[in-house]
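The values are calculated or read from the model by the stated rules, or taken from the named source; none is laboratory data. Bear in mind the structure is a predicted one, so any value in this text is a computation, not a measurement. For neighbour counting, all protein chains shown are included, and Cβ atoms are generated from backbone atoms with ideal geometry for every residue, glycine included.
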Amino acid sequence: MTVYWFMMAWVILFGILAQVSARKVCVGEYLGEEVYESRVHLFVAVVTFAVIVFFAGARSYVADTTAYIKMFNDYPLFQNAHDVIFDSSAREPGFRLFSILIKTYISDNYTVWLSIIAVISGICVMVPLYKYSCNFGVSAFLFMASCQFTWMFNGMRQFLVAAIIFSCTGLILKNKTLLYIIIVCILSTIHKSAFILIPMYFVAQGEPWNKRTLLFIGCIVLAMLFTSKFTNLLTDVVEQTDYATSVEEFRNTDDGTSIIRILVESIPIILAFIYRNRIKGKLTPIVKLSINMSLIASGLYVISKIASSGILLGRLPIYFSMYNLILLPWLLRNIFDKKEKDLVYYIMIICYFFFFYYQMEIAWGGLEYASKILNVKY
């Protein structure tokens, strides 16, 4: 845990510096007056995320890293890779091609490979927060304290897809539907679960609590009412996807996403619903999108609990839950007055610290970290 606590301290320190040095920009109008929000300087934003990228790239062992390293070392060079790239029995041709090109033309050192993926993932998370978050420091803190950062250490292939699509937020805001779908289809060659982004793209469009989002809520209610049939349906679907090889392994041991995780990830959408009348006239396009994405994330977490599939279906919400990093700071800024706001910020920080400790130390039993290049092991 030493490495992760160091990362937390770094993110908090530079997150604070980012906000202190932030500039004010106009993001729209409310009641005839211009509304200004803080936007940090790009350099400080990069430095804030640099520590996560550095340790993610330098790792030799964290959870599934060993399997990824073995896979990379077994890949042939591009000249001899035809059978590997076009192997119909494998499910990630895009990821294999990407990795083989790195090994052939950049370096056959797995640390370089992991670092490139970490840089891409880190930048793709940082840029939307830099562009859209009204409080980058809080967003960066939430990325650490909610343990979403651990995806860069465990589950990096799916998170690479999630981060890239998160960086394409502007395409959703500009209604670039065709381009968005093309990108999703390309990313599905890295991780097939990306296809869920296509139907959810249409659910997330428009005003919060519109007919499409209410229909999505209705589907969740039906899933609760018909739990056993729904679970069997999901199992049949998942067995045909990228998770197929893991279904049998986890069928008898996975009891679904934890209630604590569901609660933590649902806080933003719960606040948005409770105070929907107070924020109604203040909603910007990015906030509307973030509310809808947060609703989808919470719904999928609930479904994963119903289906007792935290390891399989519980991984899907990462495509949507990163919008909570934008939504929660905005809600805290726009719901509460100054006296309430200070108290709520303190409560939020304390609660997320407790969650970080619980998730890392208790739920995961202390997430190990080892790096040969840094000569450290914790």
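All of (1) more than 22 Å from Leu327 (Cα to Cα); (2) touching a residue at least 12 places away in the same chain (Cβ under 8 Å); (3) part of a helix (DSSP H, G or I) hold for Ile165 with one exception: (1).
Residue-level analysis places Ser121 among those that are closer than 22 Å to Val184 by Cβ, out of contact with any Ser or Thr (no Cβ under 7 Å at 6 or more places or on another chain) and buried (at least 16 other Cβ atoms within 10 Å of the Cβ). Annotation for region 79-99: no member residue is in the same structural domain as Trp10 (by TED's automatic domain parsing), buried (at least 17 other Cβ atoms within 10 Å of the Cβ), under 12 Å from the mean Cα position of the chain (by Cα) and within 30 Å of Ile286 (Cβ to Cβ).
Each row is one residue, and each column tells you yes or no for (1) surrounded by fewer than 23 Cβ atoms within 10 Å (Cβ to Cβ); (2) within 25 Å of Lys192 (Cα to Cα); (3) at pLDDT below 90.
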residue: Met293; (1), (2), (3): no, yes, no
residue: Leu331; (1), (2), (3): no, no, no
residue: Lys338; (1), (2), (3): yes, no, yes
residue: Gln359; (1), (2), (3): yes, no, no
residue: Ala363; (1), (2), (3): yes, no, yes
residue: Ile373; (1), (2), (3): yes, no, no
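Among the residues of region 108-146, those that are of a type in the set (Ser, Thr, Tyr) and in a helix (DSSP H, G or I) comprise Tyr110, Thr111, Ser115, Ser121, Tyr130, Tyr132, Ser139. The conditions of being in contact with a Phe, Trp or Tyr (Cβ under 8 Å, 6 or more places away or on another chain), closer than 30 Å to Tyr36 by Cβ, hydrophobic (A, V, I, L, M, F, W, C) and part of a helix (DSSP H, G or I) are not met by Val84. So which residues in region 185-215 are crowded, with 20+ Cβ neighbours inside 10 Å and either free of Cβ contacts under 8 Å to residues at least 60 places away in the same chain or outside any helix (DSSP H, G or I) (or both)? Passing the criteria: Ser188, Ile190, His191, Ala204, Pro208.
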